[in-house]
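First the structure, in the form of structure tokens, and then the observations on it.
The values are calculated or read from the model by the stated rules, or taken from the named source; none is laboratory data. Predicted, not measured: the structure shown is a model, and the values here were computed from it. Cβ atoms come from the backbone with ideal geometry, glycine included; neighbour counts cover every protein chain shown. To get the accessible areas, we keep the full protein, side chains included, count just its heavy atoms, and leave off ligands, DNA and RNA. Shrake-Rupley method; radii C 1.70, N 1.55, O 1.52, S 1.80 Å.
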Amino acid sequence: MIAIGGAIGTGLLVASGATISQAGPGGALVAYVAIGFMVYLLMQSLGEMATYLPVSGSFGEYASRFVSRSFGFANGWNYWFNWAITLAAELVAAAIVMQYWFPDVPGWVWSGGFLAVLFAVNAVSVRGYGESEFWLAAIKVTTVVVFLVLGVAMILGVMGGASPGFANWTAGEAPFAGGFTSILAVFMIAGFSFQGTEMLGIAAGETKDPEKNVPKAIKSVFWRILLFYVFAIAVIGFLVPYTDPTLLNPDGDVTLSPFTLVFERAGIAAAAAVMNAVILTAVLSAGNSGLYVSTRMLYALAEAGQAPKVFTKVNARGVPMPALLATTAVGAVGFVLSLIGNGVAYTWLVNASGLAGFITWMGIAWSHYKFRRAFVAQGHSVSELPFRARWFPFGPIVALVMCAVVIVGQNVEALTGHSSFYVLLSSYIGLPLFLALWWGHKLATGSPSIAAADADLSRSH
């Protein structure tokens, strides 16, 4: 539920309409299936390492052990920064959602209140986080299932008037509007929508019986996410023509969410209010997960001697409180920056974290490739692994290349000189920041790349 909940957010509930508007129903489907396949390969890679080494630092620790300490340092801090800033972004989003019902209450009141709740949930115990995330994810999953059932009934003409048939798949340029460049652009949005699935690796460090439960989650999560996304995109494609201007929804208006549109056409009263409530759970779920994983990553960095030692301290309930307090403070500062002036500093923070998820995914693929080579080089048999990733070495290599394509294609217009240097820098700022962390640590410590024969495969710590 953590991995499913992490991937079902505003990307699906609000932004999915814009992807169909941009690339047509067929183009959006192709992009989501391609990204879904890439995520499947990454989850296989992560699953193999997380069942063999279920540690709280997860892919940060794997990068340190199998690639180099410098790469692990950069990966860990990159991931911590990404989710600490995402927490701030979710607080901003939560305030916007609440203004739908309470337009006269200042947004910071809601953001402050929600931050306090998320902090309390994470401070109680890891069980508090897991329980709350289960229920928040369950609300989102239920909404998508109801949407799919109603959507199919409308496509068949059982409710909501006559069946649209395949008319919206052949109107105008459909099913592929805008050709390959539009599909590539949607590829990026789809990639952002799926981010959060890798949280499973961090949760593995505090999971009961990881050798049994992590593979079970890995195997099921991909198919469930792909079913939710691909079916949802297909249903919207059948029911709403890609030329419908409401799909574009540049301001992220909940009343123009494709889910709201379909629920309204199915005759559900107060559809917008219902969807607004669901979107609030999606935002809080993302903030809750972001606070959990970034806290655990900061704790793991401190354990590895790559962050101040104070962050290794845990309370009687096993919660790393100093790491939780520091991460909460960074999220709060990020939110305050969004209120100052016209929010330029906050926008840059969000831009800087934009590529961090894809960089993390590349780190997972590369670490897995090096892990398997080290495992065999040190005389182990692949049959010893509790969970084996499919299609090695094809899987991590393809995932690595696809992530690189997403990163480079982040803003093709800026790269080809069709927009200013400022736009180029704001689109790609996350990449030089990551490289500065990686190479800066390498210069400062002289940390070498790790040879396959020397990689640390011990399972004791």
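What to note about this one:
- For the range 1-76 and the range 209-276, distance of Cα centres in Å: 18 Å
- Global geometry of the range 188-231, whether rounded, prolate or oblate, following the gyration tensor of its Cα atoms and the 1.5 cut on a/c: oblate
- Rounded to 0.05, the FRET efficiency of the F180 and V33 pair, given R0 = 22 Å and the Cβ-Cβ distance, is 0.90.
- Anisotropy class assigned to the range 4-46 is oblate, per the alpha carbon gyration tensor with a/c at or over the 1.5 cut-off and a/b no larger than b/c.
- Accessible surface of the range 1-91, 1.4 Å probe, proportion on carbon and sulfur as whole %: 69 percent
- Projected area averaged over orientations for the range 288-329, convex hull of C-alpha atoms, nm²: 2.7 nm²
- Summarised in one figure, the compactness ratio Rg/Rh of the range 352-402, Cα atoms and Kirkwood Rh, is 1.07.
- For the chain, the dipole from Cβ point charges (+1 on Lys and Arg, -1 on Asp and Glu) about the Cα centre works out to 1140 debye, to the nearest 20.
- Most positive-pole-ward Cα, F335, G267, F358, against dipole of the range 256-388 from beta carbon charges: F358
- Figure note: Y292, Y422 ranked by solvent-accessible area, largest first, 1.4 Å probe, ligands and nucleic acids not counted: Y422, Y292.
- Calculated log₁₀ intensity ratio I(q)/I(0) where the Debye formula runs over C-alpha points of the range 206-258, q = 0.24, 0.26, 0.27, 0.30 Å⁻¹: -0.92, -1.00, -1.03, -1.10
- Linear extension gain, V146 paired with V376, 0.36 nm per residue minus alpha-carbon span: 78.1 nm
- The slack in the chain from V230 to S125, taken as 0.36 nm per residue of separation less the alpha-carbon distance, amounts to 34.3 nm.
- For the range 122-198: rounded, prolate or oblate by the Cα gyration tensor [a/c cutoff 1.5]: oblate
- Compactness of the range 37-178, expressed as Rg and Dmax over alpha-carbon positions, Å: 22.0, 61
- Per residue convex hull volume, Cα atoms of the range 353-461, in Å³: 138 Å³
- 0 to 90° range, to nearest 10: angle between helix 430-445 axis and the chain longest Cα axis: 0 degrees
- FRET E, pair K212, L425, Förster distance 41 Å, beta-carbon r, rounded to 0.05: 0.30
- Against the empirical curve 2.2 N^0.38 Å, the C-alpha radius of gyration of the range 172-320 lands at a ratio of 1.39.
- Charge context of K370, other residues only, Cβ under 14 angstrom, K/R +1, D/E -1: 0
- Once the Cα-Cα distance is subtracted from the 0.36 nm per residue extended length, the R459 to L385 segment shows a gain of 25.4 nm.
- C-alpha center-to-center spacing [the range 382-402, the range 92-168] in angstrom: 34 Å
- Over the range 370-432 - Rg/Rh using Cα atoms and the Kirkwood inverse-distance radius: 1.27
- Legend: residues H368, H380, sorted from most to least accessible area (1.4 Å probe; ligands, DNA and RNA excluded), read H380, H368.
- Axis angle, to the nearest 10 degrees, between helix 356-377 and the longest C-alpha principal axis of the chain: 40 degrees.
- Seen from a random direction on average, the alpha-carbon convex hull of the range 319-358 projects onto 3.3 square nanometres.
- Where Rh is the Kirkwood radius over Cα pairs, Rg/Rh for the range 243-402: 1.08
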